[in-house]
Amino acid sequence: MAHRVTGVLIFFFLFVHVLDTALVRVSPEAYDDTVAIYKTPLVNLMEYGLVAAILFHALNGLRVIAVDFWSKGARYQKQMLWTVLGVWIVLMAGAFYPVLQHTLRTLFGS
């Protein structure tokens, strides 16, 4: 279920990204306003959520491939899921400061 949810979230992000990038041709001022909104702490937190969704979707996709194409995949799918979650948590912890440093500096000073 989480794999489908993250896939839909990524799709909507890509859809919005294409639309906001197209603004530069229609109205450069509107594009500049949109980019200014993207520099806010709330949007930066959403970016961290996007990183989480993409990373989980990618790691879980590898697990799904293993279940489908490895003869013993179905037998080990629960262990592989826990492995995916563990790797995801470690990588998300490592991404915390690099992704959120702008927001952390804005809220708490540099």
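The values are calculated or read from the model by the stated rules, or taken from the named source; none is laboratory data. If you're wondering where the values come from, they're calculated on a predicted model, not measured in any experiment. Ideal geometry is used to build each Cβ from the backbone, glycine not excepted, and the neighbour counts take in all protein chains shown. Please note that ligands, DNA and RNA were not included when accessible areas were found on the heavy atoms of the full protein model with its side chains. Shrake-Rupley method; radii C 1.70, N 1.55, O 1.52, S 1.80 Å.
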query: What about M92, is it out of contact with any strand residue (DSSP E or B) (no Cβ under 7 Å at 6 or more places or on another chain) and in contact (Cβ under 8 Å) with a residue 24 or more places away in the chain?
result: yes
When restricted to V84, V43, V90, the only residue in a helix (DSSP H, G or I) and farther than 25 Å from T103 by Cβ is V84
Subset of the stretch 63-82, residues surrounded by 14 or more Cβ atoms within 10 Å (Cβ to Cβ) and either of a type in the set (A, V, I, L, M, F, W, C) or touching a residue at least 12 places away in the same chain (Cβ under 8 Å) (or both), comes to R63, V64, A66, V67, Q77, M80, L81
Checklist entry - Taking the condition within 22 Å of the chain's Cα centre (by Cα) and either more than 21 Å from L107 (Cα to Cα) or open to solvent by less than 70 Å² (accessible area, probe 1.4 Å) (or both), does I10 pass? => result yes
Quick check on the stretch 48-59. Is at least one of its residues of a type outside the set (G, A, S), open to solvent by less than 80 Å² (accessible area, probe 1.4 Å), free of Cβ contacts under 8 Å to residues at least 40 places away in the same chain and out of contact with any Phe, Trp or Tyr (no Cβ under 9 Å at 6 or more places or on another chain)?
no
Going through (1) in a helix (DSSP H, G or I); (2) open to solvent by 80 Å² or more (accessible area, probe 1.4 Å); (3) not β-branched (V, I, T) one by one, A22 fails only at (2)
